[in-house]
DNA sequence: GCTTTCAATGTTACCGGTAACATTGATTTC
DNA sequence: GAAATCAATGTTACCGGTAACATTGAAAGC
């Protein structure tokens, strides 16, 4: 910057001003400086600037995994909605591990992010402490925590699963089985299971047809193995409701291999509306979660937070939708 | 840091040393300082440190899109392989646009990354200029450029497609159709198409059975629409080779809807080995690219670069594999 | 014509760390 | 016992920007 200033015959400060579009510099001086900047290929060092302004321009962003289009989409939407105001995502994936989450947050805080965005899936005590002390807005996404740290953007997985369950009952299914992970480490999965149980109880039906298999996150392959055990698990069921589309897709291919017809012999329902569900055969009925919307809403929430607007709501609800396709009968 | 130093009765410098595991500080002093750090919840500011050491700890990383498990996996693998040495990814997605790529690089350079990782898919002239002037190692991934900027990690898409084509011929297919995007904006797709054509010519077969449809990146839905036009496009073909697994999956569901049997009436082959291909019905034969391996190899390359090791090869080749499944006949 | 005002620019200090060199005091060496 | 050595710690300056205040000179106001 010194070099540029010298070449332009001004002080460093004037160069600094010329580079920020709002700085009070005469048009003539600015254009002269910008020309020299270009000629000398000068690229300002944003870290140095951040140190002085105390604005890092970073958003610490955690996702469970990129290996899942939900999250990837939501990150992409978030990025798109904040990049025009010069914000950068610092991305990390927790791999569904709370201790990894804690470690990531600890290391990201060293970069002084202006906002912290993370999925809610339970946190360690230390994570909560770190987040609170960071003195930075925290946005928890996807599932809504009972005790939010700060802001939330998401929906209730339990309510969504319950809604689907009751809709299935309304469509004539009564012996509905629920497929989920063998552990409840994955909070959102556990919430969906709870929603299923509530729905069944409310309809006076048994919530006890459940298959629990596979470590979170449950995969297509886990679903396939479950599907292959049709006789054992689903002989008296009329519908298989899966905790996510991945196992639903797998279950379908297992059933196909056994010659079990969906939806005539049994219905299959997923959760999440992955792209593959639209193209499975039969196409899978599922719950659409709006990953893009979560990213976008988080982005606009961040913009408002950084402008220090007043009256920003603590919770931004996201709408879910039931998608009916070929894997269920229509009444 | 000043506060910690005062509380410990030492100078700031000693605190700084105590926080870096290698600093020459007596064990007693270090443990005392670390205790105070913990009690006061002091989190050092890495930007300030970077300014002084001139090491940002950032890796600028571009991907075409996160909306594709290939890239997501490779990013995840890269991240895992460098996070233990304290490196952070600055992630951006180009959305398959070169001007977006240019803009992202420009903005990331302000963070003074220590390495730049990006997919090769053609660059603008200005991008190349920016990269060269940045005076930082550049790693181009996936496709191998004819004129690499610096380091490369990847494989030749043309060779891979040619290999698959010749293998199909060997399996008895001769009237092979190739499905790809309507534009060649996507360099890797164009390379695959070129490889297909070379393979067919080498086998003395016609490379002219081609369907070009959809904007890059071609989607499952595009494939579906293409599959639905079986009579029009594939009446005299015996195999459909798709530029990626996404359209292959879509083609399959289109054909199924028309009652065309795969592989008896016609074979379908993809490229990329997406997870869905293993669970489609029939399961899709495809080319496995090794996204994780690209991420890992890039990670270990970066480690060697930052240690300034000697004799680092400019190119790291990645192996591809042909995966034979149900969508093709075995000879 | 003299003061006021204001836009454009300059000066100084500081953001929060660390590099490089200086200092100190105990231990080793002969 | 004096000099040499070395581990532990301190001092000073600097990394590359910007905030905050100071200065300057031309235009506006009376």
All but one of (1) within 8 Å of another protein chain (Cβ to nearest Cβ); (2) on the phi < 0 side of the Ramachandran plot; (3) within 16 Å of DNA strand D (Cβ to nearest atom); (4) surrounded by fewer than 20 Cβ atoms within 10 Å (Cβ to Cβ) hold for residue A:50, so report the exception by its number.
(4)
Filter region B:206-231 for residues that are more than 21 Å from residue B:249 (Cβ to Cβ) and surrounded by fewer than 17 Cβ atoms within 10 Å (Cβ to Cβ) and give the result.
B:206, B:208
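Just to be sure I understand, how many residues within region A:276-316 are closer than 24 Å to residue A:253 by Cα and out of contact with any helix residue (DSSP H, G or I) (no Cβ under 6 Å at 6 or more places or on another chain)? Break it down stepwise before answering.
We begin by selecting, within region A:276-316, every residue closer than 24 Å to residue A:253 by Cα; these are A:276-289.
From the residues that got through so far, the ones that are out of contact with any helix residue (DSSP H, G or I) (no Cβ under 6 Å at 6 or more places or on another chain) too are A:278, A:282-283, A:285, A:288-289.
So the count comes out to 6.
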Every residue in region B:249-271 that is more than 11 Å from chain A (Cβ to nearest Cβ) and either within 30 Å of residue B:97 (Cα to Cα) or in contact with a strand residue (DSSP E or B) (Cβ under 9 Å, 6 or more places away or on another chain) (or both), please.
B:262, B:263, B:266, B:267, B:268, B:269, B:270, B:271
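It is to be established whether one or more residues within region B:38-54 are in a loop (DSSP other than H, G, I, E, B) and within 28 Å of the chain's Cα centre (by Cα). Please lay out each step first, then the result.
Looking only at region B:38-54, we keep the residues that are in a loop (DSSP other than H, G, I, E, B), and these are B:41-45, B:54.
Subset that is within 28 Å of the chain's Cα centre (by Cα): none.
Checked against the condition, which is being in a loop (DSSP other than H, G, I, E, B) and within 28 Å of the chain's Cα centre (by Cα), region B:38-54 yields no hits at all.
For every residue, the table says whether it meets (1) near DNA strand D (Cβ under 9 Å from one of its atoms); (2) not in a loop (DSSP other than H, G, I, E, B); (3) not assigned by TED's automatic domain parsing to the domain that holds residue A:305.
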residue	(1), (2), (3)
A:10	no, no, yes
A:16	yes, yes, yes
A:22	no, no, yes
A:31	no, yes, yes
A:34	no, yes, yes
Taking the options B:25, B:15, name whichever one is at pLDDT 90 or above and crowded, with 18+ Cβ neighbours inside 10 Å.
B:15
Yes/no for residue A:135 being within 30 Å of residue B:45 (Cα to Cα) and surrounded by fewer than 19 Cβ atoms within 10 Å (Cβ to Cβ)
yes
What residue, among those in region A:156-176 that are crowded, with 19+ Cβ neighbours inside 10 Å and in contact (Cβ under 8 Å) with a residue 60 or more places away in the chain, is farthest from residue A:264 (Cα to Cα)?
A:160
List the number of the failed condition for residue B:99; all other conditions in (1) buried (at least 16 other Cβ atoms within 10 Å of the Cβ); (2) away from DNA strand D (no atom under 12 Å from the Cβ); (3) over 30 Å from residue A:64 (Cα atoms) hold.
(1)
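I'd like the full set of residues that are more than 9 Å from every other protein chain (Cβ to nearest Cβ) and not in a strand (DSSP E or B), limited to region B:275-292.
The first filter runs over region B:275-292 and keeps only residues more than 9 Å from every other protein chain (Cβ to nearest Cβ), leaving B:277, B:282, B:284-292.
Residues satisfying the conditions are B:277, B:282, B:284, B:289, B:290, B:291, B:292.
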Please go through region A:28-47 and give me each residue that is within 11 Å of DNA strand C (Cβ to nearest atom) and either at pLDDT below 90 or more than 14 Å from chain B (Cβ to nearest Cβ) (or both), ordered by number.
A:28, A:29, A:30, A:31, A:32, A:33
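For region A:57-161, please list each of the helices (runs of 4 or more DSSP H) lying entirely inside it that holds at least 2 residues being facing another protein chain (nearest Cβ under 10 Å) and within 15 Å of residue A:301 (Cα to Cα).
Working: elements: A:69-82, A:98-109, A:125-133.
Hits in region A:57-161: A:69-82.
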Hey, among B:319, B:261, which residue is more than 18 Å from residue B:154 (Cβ to Cβ), outside any strand (DSSP E or B) and touching a helix residue (DSSP H, G or I) at 6+ places or on another chain (Cβ under 9 Å)?
B:261
Would you confirm, using the coordinates I've provided, whether residue B:65 is surrounded by 15 or more Cβ atoms within 10 Å (Cβ to Cβ), more than 8 Å from DNA strand C (Cβ to nearest atom), touching a residue at least 40 places away in the same chain (Cβ under 8 Å) and more than 19 Å from residue A:111 (Cα to Cα)?
yes
Selection status of residue A:126, in the same structural domain as residue A:79 (by TED's automatic domain parsing), in contact with a helix residue (DSSP H, G or I) (Cβ under 9 Å, 6 or more places away or on another chain) and on the phi < 0 side of the Ramachandran plot:
yes
Return yes or no: is residue B:2 within 12 Å of DNA strand D (Cβ to nearest atom), surrounded by fewer than 16 Cβ atoms within 10 Å (Cβ to Cβ) and either within 42 Å of the chain's Cα centre (by Cα) or farther than 29 Å from residue A:131 by Cβ (or both)?
no
How many residues are assigned to a loop (DSSP other than H, G, I, E, B) and more than 21 Å from residue B:65 (Cα to Cα) if we restrict to region B:176-212?
7
Restricting attention to region A:293-314, does a residue exist that is part of a helix (DSSP H, G or I), within 12 Å of chain B (Cβ to nearest Cβ) and at pLDDT 95 or above?
yes
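The values are calculated or read from the model by the stated rules, or taken from the named source; none is laboratory data. This one's a predicted model, so the numbers in the text were calculated from it and none came from an experiment. Neighbour counts run over all protein chains shown; Cβ positions are idealised from the backbone, glycine included.
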